[in-house]
Amino acid sequence: MGAVTLTNVTKTYDEGKVLAVDDVSLSVEPGELFGLIGPDGAGKSTLFRILTTVLLADNGTATVDGYDVVKDYRAIRKTVGYMPGRFSLYQDLTVEENLTFFATLFGTTIRENYDLIKDIYEQIEPFKTRRAGKLSGGMKQKLALCCALIHKPTVLFLDEPTTGVDVVSRREFWAMLKRLKQQGITILVSTPYMDEAVLCERIALIQTGQLLSVDTPQNIVNAYAGQLFAARADSIPHALTEIRQFDPVRSSYAFGDTIHVTFRDDNEQNQQQLTQYLQQKGHTNVAVTAITPTIEDRFIQLMTKDTSS
Amino acid sequence: MNQTQEKAISCRELTKQFGDFVAVNKITFDVEAGEIFGFLGANGAGKTTAMRMLCGLSYPTSGQASVASFDVYKQQESIKKTIGYMSQKFSLYENLTVLENIEFFGGIYGLSDKELKLKSDELVSTLGLGPEARKLVGSLPLGWKQKLAFSVAIIHEPRIVFLDEPTGGVDPVTRRQFWDLIYAAADRGITIFVTTHYMDEAEYCNRISIMVDGKVEALDSPGNLKRQFNTDSMDDVFYQLARGAKRSAD
């Protein structure tokens, strides 16, 4: 049995008017680093709240560590660690007091599980007498992670731990997760950043309450339909306007310093035809190359397919 | 009228101190009129503090800056009237309808009834909001809210619009639609000053600056910065600059 399972889970808000999670089924294996990837409003937090027993689903069943989220909620609360998206520690307690509080609540001590949090706690230890409310964003995040880990949970739920955090802190955070994974903890992490998806072993792409795809990052990329091309030119915005009017093109959108393009029919002339078309329109330094898609490309493909059907 | 020749923003050694803490440390740069300027930096680098000074919301400790030729010390009220502003957090009144929000903000910016009517129609049609125009903003999906918030922020055709992480948490398709709106505004001559944590969006800017510990450590086009740092990703440029940062406040 999976460390976390969801079977046909549905959740609505506002007396059924808002469908937050729509018939979601999913299984996360023990020890897995699993990512829920999707934008705000996709249903990520709702799923986390159902799994951590703070919210009841309308329909469906869910288990954590084999315990049912409704019947066995007490057992689940003892074994999971949960870091909500919003900072939810006690602002008026110091760093050390917060950690002691959570350790005591779970019937343990900081010393007992210190090895688990050592790497992270050492970074905030110089500020252990500072009130949590006075910490910087990055330090709050580290303290919250320590508090979620102090009772040595079997499953760790991290709801958007890197949102609004800069590139450097994000890389550090993912390095920490890798180390935690080696301790055998099952980790379920959500993020709106598509580039973080490749750091997970398996991911679920989620949008408006539905799972678009569940697989390894590699398989999700492999499932990309058709050949993807990257077009370059000196003026990307103007080139994009023109590519959109080029009939053989199925989809086109800006992607960093290039434009990603797919064609209605994959054939060998596409590349050359698009290059010539852009050159005829007066563009300079035009180059069109076949590329391997990213998770974000596949997400866009799945999203747009959904809206056109 | 020779406004196109003027700099949209001009800073010279602009500094803000809170007690002993130098939040913004002698930053110097110009933003050209009509430019899309990306204002990047690590958490706590001083972006928000700098932006507040440029929006006329906080007085600098020292240095000079002008926004649309208005002085940040003496002409704060003129700056506020001339710019547009939107952030990920404060957008629109959720308990007002789309049309009511447009009317409210248009009214604040002094649009006449006639202009308001014209703008409302135009906005509702470009955003494809027809049936939703009389719905409460709170009931719209996040992506639509952000596109609407941007359109409302430029309803008075400001010279410059400040966008503070406008696409945070927005899905990848809507994020790109949002940038289409930015490009359209820039084509009309509105200067765009934007912050983001998405490095691919940094590539959509004409030029970007990267702040580290209160200072502007790099400023150039994305292409030139990548060449300078000998990498093909903006992510790496940012990482190379910011990893030595001492500060990490928000």
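The values are calculated or read from the model by the stated rules, or taken from the named source; none is laboratory data. None of the values given here were measured: they were computed from a predicted structure. Glycine gets a Cβ as well: all are built from the backbone with ideal geometry, and neighbour counts include every protein chain shown.
Do you know which residues across the range A:71-89 are within 28 Å of A:LYS134 (Cβ to Cβ), at pLDDT 95 or above and of a type in the set (Phe, Trp, Tyr)?
Hit for the range A:71-89 is A:TYR82, nothing else.
Just checking: which of the helices (runs of 4 or more DSSP H) contained wholly in the range A:207-309 hold 1 or more residues that are within 13 Å of chain B (Cβ to nearest Cβ) and more than 22 Å from the chain's Cα centre (by Cα)? Talk me through it step by step, then tell me what you get.
Numbers: elements: A:217-222, A:236-244, A:270-280, A:295-308.
Those helices (runs of 4 or more DSSP H) span A:236-244, A:295-308.
Output the number of residues of the range B:133-150 satisfying the condition of being surrounded by 19 or more Cβ atoms within 10 Å (Cβ to Cβ), away from chain A (no Cβ under 12 Å) and either without any contact (Cβ under 8 Å) to a residue 40 or more places away in the chain or over 22 Å from B:ILE108 (Cβ atoms) (or both).
Counting residues in the range B:133-150 that are surrounded by 19 or more Cβ atoms within 10 Å (Cβ to Cβ), away from chain A (no Cβ under 12 Å) and either without any contact (Cβ under 8 Å) to a residue 40 or more places away in the chain or over 22 Å from B:ILE108 (Cβ atoms) (or both) gives 1.
Inspect the range B:49-61 for any residue being more than 17 Å from the chain's Cα centre (by Cα), modelled with pLDDT of 95 or more and of a type outside the set (Val, Ile, Thr) and give the result as yes or no. If you could, list the steps in order and put the result at the bottom.
Filtering the range B:49-61 down to residues more than 17 Å from the chain's Cα centre (by Cα) leaves B:59-61.
Of the ones still in play, those that are also modelled with pLDDT of 95 or more are B:59-61.
With of a type outside the set (Val, Ile, Thr) added as a condition, the list becomes B:59-60.
Within the range B:49-61 (the criterion being more than 17 Å from the chain's Cα centre (by Cα), modelled with pLDDT of 95 or more and of a type outside the set (Val, Ile, Thr)), the answer is yes, since at least one residue qualifies.
Tell me which residues, restricted to the range B:169-184, are buried (at least 23 other Cβ atoms within 10 Å of the Cβ) and either more than 7 Å from chain A (Cβ to nearest Cβ) or closer than 14 Å to B:SER87 by Cα (or both).
Residues satisfying the conditions are B:VAL170, B:ARG175, B:ILE182.
Only residues in the range A:214-236 that are without any contact (Cβ under 8 Å) to a residue 40 or more places away in the chain count as the first member; pair them with residues that are assigned to a strand (DSSP E or B), Cβ under 7 angstrom, at least 6 apart or cross-chain, and list the lot.
Within 7 Å, the pairs are A:ASP215/A:ARG202; A:THR216/A:ARG202; A:ILE236/A:ALA254; A:ILE236/A:ILE259.
Among the residues of the range B:226-245, write down those that are more than 11 Å from every other protein chain (Cβ to nearest Cβ) and part of a loop (DSSP other than H, G, I, E, B).
B:PHE229, B:ASN230, B:THR231
Output the residues belonging to the range B:64-75 that are crowded, with 16+ Cβ neighbours inside 10 Å and closer than 19 Å to B:VAL24 by Cα.
B:ALA65, B:SER66, B:VAL67, B:VAL72
Looking at B:PRO166, B:PRO158 in this structure, which one is surrounded by 22 or more Cβ atoms within 10 Å (Cβ to Cβ) and under 13 Å from the mean Cα position of the chain (by Cα)?
Within the list B:PRO166, B:PRO158, the selection yields B:PRO166.
For the range B:177-196, does any single residue satisfy the condition of being out of contact with any His (no Cβ under 8 Å at 6 or more places or on another chain), in a loop (DSSP other than H, G, I, E, B) and more than 24 Å from B:LEU123 (Cα to Cα)?
yes
Take A:ARG179 and tell me if it is of a type in the set (D, E, K, R), touching a residue at least 24 places away in the same chain (Cβ under 8 Å), in a strand (DSSP E or B) and away from every other protein chain (no Cβ under 14 Å). Explain how you work it out, then say what you get.
Working: of a type in the set (D, E, K, R): yes; touching a residue at least 24 places away in the same chain (Cβ under 8 Å): yes; in a strand (DSSP E or B): no; away from every other protein chain (no Cβ under 14 Å): yes.
When the stated conditions are applied, A:ARG179 does not pass them.
Could you list, in sequence order, the residues of the range A:35-79 that are among the β-branched types (Val, Ile, Thr), away from every other protein chain (no Cβ under 14 Å) and under 16 Å from the mean Cα position of the chain (by Cα)?
Of everything in the range A:35-79, just one residue is among the β-branched types (Val, Ile, Thr), away from every other protein chain (no Cβ under 14 Å) and under 16 Å from the mean Cα position of the chain (by Cα), namely A:THR46.
Across the range B:190-236, which residue is surrounded by the most Cβ atoms within 10 Å (Cβ to Cβ) among those that are under 29 Å from B:PHE18 (Cβ atoms) and of a type in the set (Gly, Ala, Ser)?
For the range B:190-236, the residue satisfying everything is B:GLY214.
Would you mind listing the helices (runs of 4 or more DSSP H) fully within the range A:1-108 where at least 3 residues are among the aromatic types (Phe, Trp, Tyr) and assigned by TED's automatic domain parsing to the domain that holds A:GLY138?
Of the helices (runs of 4 or more DSSP H) lying wholly inside the range A:1-108, none has at least 3 residues that are among the aromatic types (Phe, Trp, Tyr) and assigned by TED's automatic domain parsing to the domain that holds A:GLY138.
Of the numbered conditions (1) assigned to a loop (DSSP other than H, G, I, E, B); (2) within 30 Å of B:ASP236 (Cβ to Cβ); (3) out of contact with any Ser or Thr (no Cβ under 6 Å at 6 or more places or on another chain), A:ASP119 satisfies every one except a single condition; which is it?
Unmet for A:ASP119, out of (1) assigned to a loop (DSSP other than H, G, I, E, B); (2) within 30 Å of B:ASP236 (Cβ to Cβ); (3) out of contact with any Ser or Thr (no Cβ under 6 Å at 6 or more places or on another chain): (1).
Report yes if some residue within the range B:158-167 is part of a loop (DSSP other than H, G, I, E, B), more than 26 Å from B:GLY107 (Cα to Cα), out of contact with any Lys or Arg (no Cβ under 7 Å at 6 or more places or on another chain) and within 10 Å of chain A (Cβ to nearest Cβ); otherwise report no.
There is no residue in the range B:158-167 that is part of a loop (DSSP other than H, G, I, E, B), more than 26 Å from B:GLY107 (Cα to Cα), out of contact with any Lys or Arg (no Cβ under 7 Å at 6 or more places or on another chain) and within 10 Å of chain A (Cβ to nearest Cβ).
Quick check on this structure: which one of A:ILE187, A:ILE117 is more than 14 Å from chain B (Cβ to nearest Cβ), in contact with a Lys or Arg (Cβ under 9 Å, 6 or more places away or on another chain) and crowded, with 21+ Cβ neighbours inside 10 Å?
A:ILE187
Keeping to the range B:197-225, report how many residues are at the interface with chain A (Cβ under 8 Å from one of its Cβ atoms) and either more than 19 Å from the chain's Cα centre (by Cα) or assigned to a strand (DSSP E or B) (or both).
Qualifying residue count for the region: 1.
Out of the range B:58-68, which residues are out of contact with any helix residue (DSSP H, G or I) (no Cβ under 8 Å at 6 or more places or on another chain) and closer than 16 Å to B:ILE160 by Cβ?
Residues of the range B:58-68 that are out of contact with any helix residue (DSSP H, G or I) (no Cβ under 8 Å at 6 or more places or on another chain), as a first pass: B:61-64, B:66.
Scanning the range B:58-68 gives a single hit, B:SER66.
Taking the condition of being at positive phi and in a helix (DSSP H, G or I), how many residues in the range A:122-158 meet it?
Applying the first criterion (at positive phi) to the range A:122-158 yields A:152.
From what's left, in a helix (DSSP H, G or I): none.
Qualifying residue count for the region: 0.
Can you name the helices (runs of 4 or more DSSP H) wholly within the range B:17-126 that have at least 1 residues being within 14 Å of another protein chain (Cβ to nearest Cβ) and in contact with a Ser or Thr (Cβ under 6 Å, 6 or more places away or on another chain)?
Values: elements: B:47-54, B:76-82, B:98-108, B:113-126.
Hits in the range B:17-126: B:47-54.
Given the criterion acidic (Asp, Glu) and exposed (fewer than 14 other Cβ atoms within 10 Å of the Cβ), identify the matching residue among A:GLU97, A:GLU15.
Testing whether each residue is acidic (Asp, Glu) and exposed (fewer than 14 other Cβ atoms within 10 Å of the Cβ) leaves just A:GLU15.
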